[in-house]
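Step one of this worksheet: look at the structure below.
The values are calculated or read from the model by the stated rules, or taken from the named source; none is laboratory data. This one's a predicted model, so the numbers in the text were calculated from it and none came from an experiment. Neighbour counts run over all protein chains shown; Cβ positions are idealised from the backbone, glycine included. Just the protein is used for accessible areas: all its heavy atoms, side chains included, with ligands, DNA and RNA removed. Shrake-Rupley method; radii C 1.70, N 1.55, O 1.52, S 1.80 Å.
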Amino acid sequence: MNQPRLARIDQSKLRETVYDALKGAFTRGEFAPGDVLSLRDLADQLGCSMTPVREAVRRLVAEGALIDTPSRTLMVPPFDARRISDLKAARLALESLTLRAAMARAGDCDIDALDALLTEAETSPLRPDLERNYAFHFALYSLSASPVLLPLIEALWMQYGAYLNLVIREQSALQLEEHRHHHEIVAALRAGDADAAVAALTRDIERSFAVLSHRIEEAVRHA
């Protein structure tokens, strides 16, 4: 397994910083389905003791990003076609709902800020650029100011993060116009067209799952 990229943490805010670092690693696709993780290795990479790592891991297990196996081994949930199907359905439902709530609160300055994020993203040499993809989506969803929906979507993205690890290794993912549907969402926001915004968001979510379609079909055949 390639060692994931984990930034060393600010020692003054250990608990939250460790959790945020690991959450960020999941949403960037640093871990793959079935990866086995060591508390000691994670602590060494983060530059801290095992105690805050252990606490962060408990939260990640509760949120479904990790499995605490009967042998006490920490594991990223293995590749599972049913799990992918459920994640897709949940993301489409919750993110569409949150987008509509965000549109009801968004002003021109908010839309301008989203547009600026896309302009900045176009200069990134990374393809795909998962950090800016995450930044755009959560800048958008945060406009909803929902204390219920946002944590649920965060948890879904962490669970899907392991599949993003597979997506970015597919040649077809490198050929996608990364922010095409993001620009469509911003245009729909400016036009006040909620249905068009949701349609663009749906296309954006569905295409990442489509990249894994051949893996899903193979998993179903061998189930």
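Some points to look at:
- Using alpha-carbon coordinates, inclination of helix 108-121 to the longest axis of the chain, degrees: 60 degrees
- For the stretch 154-214, GluC sites (Glu not before Pro) are listed when DSSP marks them as loop and at most 11 other Cβ atoms sit within 10 Å of their Cβ; the list is GLU177.
- The length gained on full extension between ALA135 and ARG100, counted as 0.36 nm times the residue separation minus their Cα-Cα distance, comes to 10.8 nm.
- Heavy atoms of ASP108: accessible area, 1.4 Å probe, square angstrom to 10: 120 Å²
- Each residue, SER213 and ARG180, gets one label point 7 Å from its Cα in the Cβ direction; the gap between the two is 1.4 nm.
- Over the chain: helical MRE at 222 nm, DSSP H runs n ≥ 4 each giving -39500 (n - 2.57), nearest 500: -21500 deg cm²/dmol
- Take the Cβ atoms of ILE67 and CYS109, set R0 to 41 Å, and the FRET efficiency comes out at 0.45.
- Each of the trypsin sites (Lys or Arg not before Pro) that DSSP puts in a loop and that has at most 14 other Cβ atoms within 10 Å breaks the chain; the longest unbroken stretch is 73-168.
- Ordering ILE185, ILE67, ILE216 by accessible surface, largest first, gives ILE67, ILE216, ILE185; the 1.4 Å probe counts only protein heavy atoms, with every chain in place.
- The stretch 114-215: translational diffusion in µm²/s, Stokes-Einstein, Kirkwood Rh over Cα pairs, 25 °C, 0.890 mPa s: 170 µm²/s
- If you take the Cα centroid of the stretch 209-223 and the Cα centroid of the stretch 139-196, the two points sit 22 Å apart.
- Theoretical FRET efficiency, 1/(1+(r/R0)^6), r = Cβ-Cβ of HIS222 and THR123, R0 25 Å, to 0.05: 0.05
- Accessible carbon and sulfur surface of the stretch 9-113 relative to its total accessible area, %, 1.4 Å: 51 percent
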